Each structure stands twice: as C-alpha cells, then as structure tokens.
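Reviewing the structure listed below.
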Amino acid sequence: MNIQALINGIVQQTTVLIAHVATFGGTRAPLAQVANQVFIDLTNELQRQGVKKNVIADMFGMALRTYHRRIRTLTESQTDSGRIVWDAVLDFIRDNQPVSLRQIKKRFGYDDPNIVSGVLGDMTQSGFVYRSGQGEASIFRLAEEADFAHSQADERREANEYLVWLNVYRLGKASPATLGERSGLEEEELGQALATLMADGRVVESRDHEGLHYHSRRFDIPMGHSGGWEVAVLDHFQAMVSAVCVKLRGGALRADLEDATGGSTFTLEVWPGHPLEQEAKGLLAATRESVEALRERIDDYNREHGKPDALDAVTFYLGQFIKQDEVDDDLR
C-alpha cells in the first residue's frame, strides 16, 4: 500500500474544492486560518482515535515540545490565557470600538503578530468588523446587523438553520455545546437557528439525565431550492468521507457487489450523436428520481407504522459531472 500517495492525493483534491468554494460567485472567502485549522482539527481527530500526543508529534515530524508549543500558539492567546486569539480580539474591539490597529497590536503584544493580522483580516473579510483608514492608524469597529442588506442577513440566517439542522440530524442526539462546536456558530446565532427549527417542527428539544439535547428524524433540502446550498455541499462531502472512513475502519481493501457500504466511480465516454449519450448524461436525474421515489415509500410506511428507537440510517450519495477535454483540467 502507498498510504502517503493516497494522503497527498486527498489533500490535493481537497485544496481544489476549497479554492472553488472560496471563490464561488466572485467572492473571496478568508483563508488566513485554514492551514492552522487543518492542523488543529487533524490533531484532535488523531487524539479521538487514541493516538498519543508524542506519536502525533512524530507524525508531523516535530519534537514533542515543539508540538505542544504550536498547539498553544494556535489555540490560545498568549495575552489572554485560556482564550483563542480570534475571540479575544473580537471582544477587545467590541468593548473599545472604535479601536485603532496600533491599539490592537499593543493590547496583544505577546501574541504572534502574523496570527493577530490574520484574525483581523478574517474578521474584516467575513463581515464581522469594518476597517477604515490605512496602516497603524486604521480603525476597527463591529459590523452591526443593520449594516448588512436584508437579503444577505436572510440568506445567512437560512444557511445557519440548515447547518444546525444537518448537525442535529447527523449526530442523532446533540447537546448545545456539541452543536456550537460542530457548527462554528456564536451562541446567539445558534439559539436563533434552534428556535426557528423547533418552531416549525424540524428539530425537537428534550432533556434527560445527561442534560438538554436536540434531535431530528429527518433532514431535507427540497429539489430546486437554493437556500442551504452550502449545507447541501457539506452533506454530500460528509457522506462521501464517512463512507470511505467506515470502509477503512472495517479493513476492506476491495469492493464487492454485495457491499452495503462503499462507493464506485464510473467514467462513460460519449460524444454528440452517440446512441447512448442521453442515457449516460441522464444518469444523475434518473437516479435522483428513483431514490426520491424510494424515500417517499419509506417515509409513508414509517408514518403509518412508526419508527423504533434503534434503526439503520442508509445514507446514499451520488454525483456526476461532465468533463470536456479542453476545460476543467484541475478536476482530475
């Protein structure tokens, strides 16, 4: 097995996806913290899988002391102990606005200036704060909701609702803390999304000996609906990754026709006028129609007979794209 080649290929294709999403529709999404986020998330996942910190450090080619130092640098402000730089800077702007770049740098003088600059750039580009002026004298202040167009606010609110709904559905039993961590939303945004989802019955709130949690028996973005497209992409990507991970955890290195977990990729070479051109290009639509019909039959049966507490959730994902030889060279 050439695991390193597989990892390199996954990283390369993931960066292609991130680059396309970050520039979708002419936008320029902030990417200053992507590399740091990948490092933190990857180390956290390795720890969840039971890998010891000294082994993780070795996997990154670091001494254990260097590994610990980098973790502290990326996750905790050296100025405000116990807090990440992003939160500390945002609160400082909120409490002192308008505040100059010179004041911010002085306040966070113990932190890496590149991290502070990256955080400020991320906040500005994502619309959390406004920046005016140039250089050290530039001024920062929080962006109020009234500063945004209503359409943008509505779109963000709807996207948040779909994001929270997806996480509740996938987790099965989600606590507020877990939802906050998985969604990346602030407490107020998370609360607003949950309130809407519970009001229309998409999410149910309950409490037991473990505390407050939320659950949902369904997740659905209607065909043709543009709202929540970001979450639809995420859901598809998560389904694909989950299928591969479950397959790997089972130790399977080959595919069988009887597999209940896995995936297959087929390339069908046709051209204008080919007798099977339309059948090949229509696979996505035909499969969607077939699966939607099956889901409706299953939903009808479940409504009539009820569902047990323990059940099998079969997640089926599909995708299709048509690549012409002269375009899309980065999609391999």
Of (1) surrounded by fewer than 19 Cβ atoms within 10 Å (Cβ to Cβ); (2) at pLDDT 90 or above, LEU194 fails just (1)
Being without any contact (Cβ under 8 Å) to a residue 60 or more places away in the chain, of a type in the set (A, V, I, L, M) and not in a loop (DSSP other than H, G, I, E, B) narrows it down to one residue among LEU234, LEU284, LEU257, LEU268; which is it? LEU284
Being under 30 Å from TRP165 (Cβ atoms) and either among the aromatic types (Phe, Trp, Tyr) or without any contact (Cβ under 8 Å) to a residue 12 or more places away in the chain (or both) is the requirement here; does LEU276 meet it? no
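State whether the residues of the stretch 68-87 include one that is at pLDDT 85 or above, outside any loop (DSSP other than H, G, I, E, B) and crowded, with 16+ Cβ neighbours inside 10 Å. Outline the logic, then answer.
Going residue by residue through the stretch 68-87, those that are at pLDDT 85 or above are none.
No - not one qualifying residue is present in the stretch 68-87.
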Candidates ALA232, ALA199, ALA174, filtered to the one that is of a type in the set (Gly, Ala, Ser), under 29 Å from ILE18 (Cβ atoms) and out of contact with any strand residue (DSSP E or B) (no Cβ under 8 Å at 6 or more places or on another chain): ALA232
Of the residues GLU189, GLU155, only one is more than 28 Å from LEU311 (Cα to Cα), surrounded by 14 or more Cβ atoms within 10 Å (Cβ to Cβ), modelled with pLDDT of 85 or more and of a type in the set (Asp, Glu); which? GLU189
Just the residues that are surrounded by 13 or more Cβ atoms within 10 Å (Cβ to Cβ) and polar (S, T, N, Q), please, taken from the stretch 197-216. SER216
With (1) assigned to a helix (DSSP H, G or I); (2) free of Cβ contacts under 8 Å to residues at least 40 places away in the same chain as the list, and SER242 as the residue in question, which single condition is left unmet? (2)
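The values are calculated or read from the model by the stated rules, or taken from the named source; none is laboratory data. Everything numeric here is computed off the predicted structure, so don't read it as measured data. We place every Cβ from the backbone using ideal geometry, glycine too, and count neighbours over all the protein chains shown.
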